[in-house]
1. Which of the listed residues, ALA68, GLY30, ALA78, is farthest toward the dipole's positive end in the chain, when Lys, Arg count +1 and Asp, Glu count -1 at the beta-carbon?
2. So what's the projected area for the chain, the Cα convex hull averaged over all directions, in nm²?
3. For the chain, what is the relative contact order in percent, using Cα pairs closer than 8 Å and at least 6 residues apart in sequence?
4. What is the angle, in °, between the Cα long axis of helix 40-83 and the longest principal axis of the Cα atoms in the chain? Nearest 10 is fine, range 0 to 90.
5. What does the charge count near GLU63 come to, summing +1 for each Lys or Arg and -1 for each Asp or Glu among other residues with Cβ under 11 Å from its Cβ?
6. Net charge within 14 Å of GLN11 by Cβ-Cβ distance, Lys/Arg positive one each and Asp/Glu negative one each, not counting GLN11 itself?
Amino acid sequence: MPLSRTVLERQLQLAKSVLADRVKALEAAGVDAATFKTDPKWREMNADVKQINKRLLSLGLTEANDVAVKQRKEEKLAGTAVEE
């Protein structure tokens, strides 16, 4: 079942905040920003953020398609009503 935009945006905010907390912990430990990608937890959290962003993008494309389909249906119904 696809998730709604509000749920995905809430998940994205949560994932970004968890990632930011991990970045703060790594910085406090003295890890250089260029080497964050070697930390397994950071990579997992970063992947979660990317995955949710892709879901939002996909949802946007689906919403745009739904609007286009609805518009075509309305145009078709208006065209048949004029012919009758």
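1. Ranked along the dipole, the leading option is GLY30.
2. 7.5 nm²
3. This gives 35 percent for the chain.
4. Relative to the chain, helix 40-83 is tipped by roughly 10 degrees.
5. +1
6. Neighbour charge sum, excluding GLN11 itself: +4.
Coordinate-derived values only; no laboratory data. If you're wondering where the values come from, they're calculated on a predicted model, not measured in any experiment. Glycine gets a Cβ as well: all are built from the backbone with ideal geometry, and neighbour counts include every protein chain shown.
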